[in-house]
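The values are calculated or read from the model by the stated rules, or taken from the named source; none is laboratory data. Keep in mind that this is a model prediction, so the values were computed, not measured. Backbone-built Cβ (ideal geometry, glycine too); neighbour counts: all protein chains shown.
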Amino acid sequence: MNKEEILAKSRSENTDEGKKNAEDQGRQIGIIAFIIVLIFLFIFNMCTNRSNDALAAVFWTYVAAEAYPRYRFSKEKSLLFTTIAGGFLAIANLITYVMRVVG
């Protein structure tokens, strides 16, 4: 592929790098805010003798969901392990939470 073909292909993709950059920055800020609120709620629940199972289920679901597409792209075994372990822990915490609420 020569330089002109590469440029033509890039122009035809219609990707706005500014928009992509803003989305990436927004995602990073969202992750940081999510973690800060999650930590606050974990500490608050521990201080008030409440269960953190629901919060842990949300956290591990996020970890598994974040790792899976990265694994599909890179095929790194550590990401596959993270996906499986995160999914298992999410399900375990969810079951524990439901059992406490129902039982």
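Observations on the structure shown:
- Within segment 17-57, the set of residues being surrounded by 10 or more Cβ atoms within 10 Å (Cβ to Cβ) and outside any helix (DSSP H, G or I) comprises Arg50, Ser51, Asn52.
Listed here are the residues, each with its yes/no results for (1) among the aromatic types (Phe, Trp, Tyr); (2) out of contact with any Ser or Thr (no Cβ under 9 Å at 6 or more places or on another chain).
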position: Lys3; (1), (2): no, yes
position: Asn21; (1), (2): no, yes
position: Gln25; (1), (2): no, yes
position: Ala67; (1), (2): no, no
position: Tyr97; (1), (2): yes, no
position: Gly103; (1), (2): no, yes
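Results for (1) in contact with a strand residue (DSSP E or B) (Cβ under 7 Å, 6 or more places away or on another chain); (2) modelled with pLDDT of 95 or more; (3) among the aliphatic types (A, V, I, L, M), shown as yes or no for each residue.
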{"site": "Lys3", "(1), (2), (3)": "no, no, no"}
{"site": "Asp16", "(1), (2), (3)": "no, no, no"}
{"site": "Ile36", "(1), (2), (3)": "no, yes, yes"}
{"site": "Cys47", "(1), (2), (3)": "no, yes, no"}
